[in-house]
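This report refers to the structure that appears directly beneath it.
The values are calculated or read from the model by the stated rules, or taken from the named source; none is laboratory data. Keep in mind that what you see is a predicted model, and the values were worked out from it rather than measured. For neighbour counting, all protein chains shown are included, and Cβ atoms are generated from backbone atoms with ideal geometry for every residue, glycine included. Note: accessible area is taken over every heavy atom of the protein model, side chains too, but ligands, DNA and RNA are not part of it. Shrake-Rupley method; radii C 1.70, N 1.55, O 1.52, S 1.80 Å.
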Amino acid sequence: MTGFETLLPRPVSARRDPGALKVDSPAAVLDPSTVALDPAAVPLPGGYRLSISPTGVDARAHDPAGAFHAVQTLRQLLGPDAFRAADIHTGGWELPCGEVEDHPRFGWRGVLLDVARHFIPKAGVLRMLDLLAAHKLNVLHLHLTDDQGWRVEVPGYPLLTEVGAWRAGSWVGRQPDGDQTHDNRPHGGFYSTEDLREIVAYARQRHITVVPEIDIPGHSQAAIAAYPHLGVTKEPVQVWHAWGVSEYVLDPAESTLDFLRAVLDHVMAIFDSPVVCLGGDEVPTTQWHASAAVKARVAELGLDSPDDLHAWFIRTMAGHLAANGRRVLGWDEILDAGDLPEGAIVASWRGEAAGVRAALAGHDVVMCPEQRVYLDHRQSADPGEPIPVGHVRTLADIRAYEPVPAELPESAAARVLGAQAQLWSEHFDNPRRVDYAAFPRLAAFAEVVWSPRTAPGPVDTEEFVERVATHHLPRLDALGVEYRPLTGPRPWQRRPGVPGRPYPDR
């Protein structure tokens with residue numbers, strides 16, 4: 001039997017009473033349909049209340065999502081064996097008696113999974129959804145397109161997946177900019193329309209929203225490799241094998257807009273998310289400035305400079321989304337590009353300053369600062385960390401993160417929808433590497449976005465790390481997650497000789 005003190009994320013309140021409830025099997029208490037929907041008793045969305053006595057479980061929830069979350073808590077209370085795919089438990093099952101009252105702090109509890117840099121087969125995405133659900137996370141942001149690969153088929157544009165989904169090789173590690181070599185190991189893959197509909201349906205059953213991202217007008221080399229007329233130079237180009245920022249950007253011709261409308265129409269037909277991400281990050285303007293045809297188009301559009309095309313692309317396509325009842329999400333560069341379209345959500349990734357500025361201006365914000373919640377960043381300063389990139393961000397560092405900046409007044413703080421952890425996949429060439437980077441740090445992030453901030457002071461990270469080590473790692477073991485041990489990488493998790501690019505720790 002597992003105690004309330006082991007729960008992760010920590011609930012709003014939990015009271016232990018004497019005694020235990022004997023349970024015939026996990027199935028007897030892990031059916032969300034047995035949770036009564038009672039918004040009067042549980043007033044907050046996603047919330048639930050559990051009352052466990054020796055005679056049974058009284059489970060109530062505000063809504064179906066709350067009922068699902070209640071079941072995740074009961075699974076933790078049953079113990080690690082309840083997370084296994086088959087029942088191998090010996091002896092009886094028991095639940096501790098007491099009461100749990102709980103609801104999420106934020107409505108956006110997200111994880112970005114980059115399937116463009118390294119393709120993750122459908123089974124890996126479904127598994128990730130199971131892991132998100134177990135941690136009460138509710139948004140999967142799928143980064144579907146980039147310079148290194150296009151992962152969604154689109155009717156009428158077969159070369160997007162026949163050409164754009166495949167590359168000749170990949171940089172090994174994080175090479176210095178300008179290195180032209182790669183590993184000569186072809187890489188690629190894509191999701192069929194049916195695959196993506198299955199992913200969306202699977203997520204919906206777990207009360208997770210899948211937010212698709214089609215990155216424009218930069219990070220588009222894979223699309224241009226498939227259809228060179230989409231690019232500024234019109235010259236053939238390969239799907240990029242390097243990491244970083246490609247100078248190949250979309251041509252602002254009307255035919256490009258027709259292409260993007262067709263892509264977004266197909267995406268909206270698949271994904272039921274009210275939000276669609278258009279990226280808008282890292283848009284070099286070199287090719288626009290060098291093109292006489294683009295400059296003529298800039299004049300035709302009544303813009304002052306080719307630099308203004310960045311905002312024009314986002315506004316134009318955001319208008320198309322809005323006409324179809326969707327909101328646009330964009331990385332924080334869209335805040336610098338010009339006036340934001342109505343209803344736009346800003347993903348503040350280069351720090352928190354853009355998020356603060358957006359919230360003060362009345363825009364909704366998702367906090368995802370690189371310096372705090374990028375899970376592809378190294379987990380220690382040990383040179384044995386595989387492909388060490390970015391800042392050192394430990395399990396305790398992630399748990400200590402506070403998504404609402406102190407300088408935001410209460411009225412603007414309400415604009416912070418939540419936060420999102422990022423799993424950029426340049427260095428994740430298989431699901432084992434995703435496991436290593438994500439866990440157990442994703443468990444820390446889950447508590448950040450779910451659990452209440454009970455005091456203005458620092459979080460007790462020592463208690464959290466001990467709770468993870470003693471109680472949560474056994475759950476991950478039962479789930480088959482190949483996480484990074486708290487003591488450091490296992491020998492087979494290291495990548496000796498593969499270069500990284502560490503940032504100064506700050």
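For the reader, a short list of remarks on this structure follows.
Yes/no per residue for (1) under 11 Å from the mean Cα position of the chain (by Cα); (2) crowded, with 22+ Cβ neighbours inside 10 Å; (3) at pLDDT 95 or above:
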residue	(1), (2), (3)
114	yes, yes, yes
121	no, no, yes
139	yes, yes, yes
143	yes, yes, yes
149	no, yes, yes
152	no, yes, yes
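- Spans of helices (runs of 4 or more DSSP H) in region 345-439 with at least 1 residues among the hydroxyl-bearing types (Ser, Thr, Tyr): 410-413, 431-438
- Just one of the listed residues (176, 186) is free of Cβ contacts under 8 Å to residues at least 60 places away in the same chain and out of contact with any Gly (no Cβ under 7 Å at 6 or more places or on another chain), namely 176.
- Any chance residue 483 is touching a residue at least 24 places away in the same chain (Cβ under 8 Å), in a loop (DSSP other than H, G, I, E, B), of a type in the set (Ser, Thr, Tyr) and farther than 17 Å from residue 7 by Cβ: yes
- Meets criteria (outside any strand (DSSP E or B), under 23 Å from residue 420 (Cβ atoms) and touching a Phe, Trp or Tyr at 6+ places or on another chain (Cβ under 9 Å)) for residue 45: no
- Taking each residue of region 1-16 that is farther than 17 Å from residue 466 by Cβ and open to solvent by 20 Å² or more (accessible area, probe 1.4 Å) and looking for partners that are assigned to a strand (DSSP E or B) and among the acidic types (Asp, Glu) with beta-carbon atoms closer than 7 Å, six or more apart or interchain, yields 1/94; 12/101; 12/102; 13/101; 15/99.
- So residue 71, is it in contact with a Phe, Trp or Tyr (Cβ under 7 Å, 6 or more places away or on another chain) and either surrounded by fewer than 20 Cβ atoms within 10 Å (Cβ to Cβ) or not in a strand (DSSP E or B) (or both): no
- Of the listed requirements (1) in a loop (DSSP other than H, G, I, E, B); (2) on the phi < 0 side of the Ramachandran plot, residue 320 misses just one: (1).
- Considering the conditions (1) touching a residue at least 40 places away in the same chain (Cβ under 8 Å); (2) within 30 Å of residue 351 (Cα to Cα); (3) part of a helix (DSSP H, G or I); (4) open to solvent by less than 20 Å² (accessible area, probe 1.4 Å), residue 312 is excluded by exactly one of them, (4).
- Tallying residues that are farther than 26 Å from residue 388 by Cβ, out of contact with any Lys or Arg (no Cβ under 8 Å at 6 or more places or on another chain) and either open to solvent by 50 Å² or more (accessible area, probe 1.4 Å) or assigned to a loop (DSSP other than H, G, I, E, B) (or both) within region 169-194 yields 2.
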